[in-house]
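Quick notes on the structure that follows.
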Amino acid sequence: MTNQQIEEQAHLLHDYVIECRRTIHRFAEPSGTEEKTSAFVQKELTAAGLPYEKVSKTGLLATLETGRPGPHIVLRADLDALPLPEEPNNLAGPRVCVSENPKTCHACGHDAHTAMLLGAAKALTACKDSVCGTIYFCFEEGEENGGGVDGMMSALAKRKVDACWAIHVYAGLESGKICVDAGPRMAGAAIVQMTVVGRGGHGSRPDLSINPVFCAAAILTNLSTAWVNQISAGETVTLGVTSIQGGVVGNIIPDTADILGSLRFFNMAEGEKAVEIVKSVAEHTAAMNHCRIEYGQGCVVACGPVINDAACAKIAQESLPEVLPENCVVHCEPWYASESYNKYAQAYPSMLAHLGIQNPAYGSGAAHHNGFFDVDEGVLDLGLLSTLKYVSALGEKANA
C-alpha cells in the first residue's frame, strides 16, 4: 500500500472505527462471555468478505490471502471487558457512550483495540491488490484472565507466522503519541497466594495457640529485607502484597492467615528467582513460628514480560513517521501492567505499540481498570494508520 492509500483508508474509515468502538463498548462482556462482541465482529468480517474460524469459545481468527508472496503477519486485538461498574462521567464530564451492563465496562481499552483491528481488516481487504503475503486478524477472547491466548496460539501454530503486531492504548502516554520502542514494554507477573497455617485458640492465652497472624506479619518484614539484599542490582521486581487476612474477632486467635499479592518484572529469570525468594522466606519464617505454608493457586509465574523484537521495532520507528504527524512517535517507560500478548512475543518476532490516550480536555487519562477510564477516540486514526503502515513496511522489506 502506498502512503496515500493508507491515509485515504484511514480517512474513509474514521467514522466506522469510532462507531465500532462505541458498539463494542456498550456490550462490555467479561472474559470468556464475549458472545455479543464476537457476533458483531463476525458480522463485520463477513461484510468485509473475510473468512474466519472460531477459536476457543468466542475468539476469532480471520485470514486475508493476497495471492502474492510476502510475509505472514498476525494483527491481534482483544475482546473482553472487566467486571467493574462504569462511572457515567469520565474525568471531564459525561462520556460519549456507557456500558449497557451496570456491572461490566471496557476499563482497559479493548473496545478500541478491536475497533482499530476491524478498521484494518476493512482497509487491507479493500486494498488487497496492493498488499502482499498473508494477514491473520486475531480477535482474542479472555485476555484479562488469560483464558483465550492458548487457543489462539494453538491456531497460529498450524500456520506460518513471520511477525506479530498489536496496539495497547495507554493512559500513561499523551494522546497523539505512539511508542514503538524495542525491548521490555509490559511486565511479567507472578501470583502470590499463600495460607499461613497455625493453631487457633482464645486470645487471652496466645501461649496455648500458634498465632498465624504474627507469622504472616513476620513474613512480610522478612520479605522486605530479602528484596533489598537478594533481587539483583539493576533489575526491578515489584513486591505488591495487597492483603493479609487472619481472623475477624478480637479475642479469637484464628487457625490461618492469608497473604495475597503479585510480583511484576521485566526479566523472566529474575521473576522466577523472586518467586523462589518469596517461597523460601515464607517457609523458613513459618518454621521459626511453628507454622506451615499452604499454597492455593500457588506462588507461581503467571505470565512473562512483553519484549518487543529489535528488528520489528526498527521497522516501526523508521516507517510510521511517513504517515503520522510530526513528533508523533516517541519513547516512553515500560508499563508495569501485564498482557497475554507476551506469548505471541515469545513465539514470534513481535511488536506491541503503546498508543497514548491521555487527554485532559476530553476527560481521558484515568488509570486502567478504573471506573473513570475512557479512551480518547481522536487517537483511533493514529492506531489504524500505524497498523496499515507497519503491514506495508513489512511487505516492502520482505520483497526488497
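Annotations for the structure displayed:
- Cα→Cβ-extended label distance, 7 Å offset, between Ala226 and Gln297, nm: 2.0
- Orientation-averaged projected area, Cα convex hull of the chain (nm²): 21.2
- A simple charge model with +1 on the Cβ of Lys and Arg, -1 on the Cβ of Asp and Glu and nothing else charged puts the dipole of segment 188-302 at about 180 debye relative to its Cα centre.
- A simple charge model with +1 on the Cβ of Lys and Arg, -1 on the Cβ of Asp and Glu and nothing else charged puts the dipole of the chain at about 680 debye relative to its Cα centre.
- Residues considered: Leu223, Leu124, Leu208. Largest GNM mean-square fluctuation over the chain, using C-alpha springs under 10 Å, is found at Leu208.
- Inter-label distance, nm, simple model (7 Å from Cα along the C-beta direction), Lys158/Met288: 5.5
- Computed over segment 1-154, the P(r) curve from all C-alpha pair distances, binned at 5 Å from the origin, holds 2, 10, 18, 21, 19, 14, 10, 5, 2, 0 percent per bin.
- Assuming charge only on the beta carbon of Lys and Arg (+1) and of Asp and Glu (-1), the dipole of segment 1-143 about its Cα centre is about 160 debye to the nearest 20.
- Rg to Rh quotient for segment 155-216, alpha carbon positions, Kirkwood Rh: 1.38
- Bins of 10 Å from zero: percent of alpha-carbon pairs in segment 262-369: 11, 29, 28, 18, 10, 4, 1
- Estimated FRET transfer efficiency when R0 is 56 angstrom, pair Thr2-Asn145 (beta carbons, to 0.05): 0.85
- Cα point-scatterer Debye curve for segment 188-302, base-10 log of I(q)/I(0) at q = 0.13, 0.16, 0.17, 0.20 Å⁻¹: -0.49, -0.69, -0.76, -0.98
No lab work stands behind these numbers, since they all come straight from the coordinates. This is a predicted model, so every value here is computed, not measured. Virtual Cβ from ideal backbone geometry, glycine too; neighbours counted across all protein chains shown.
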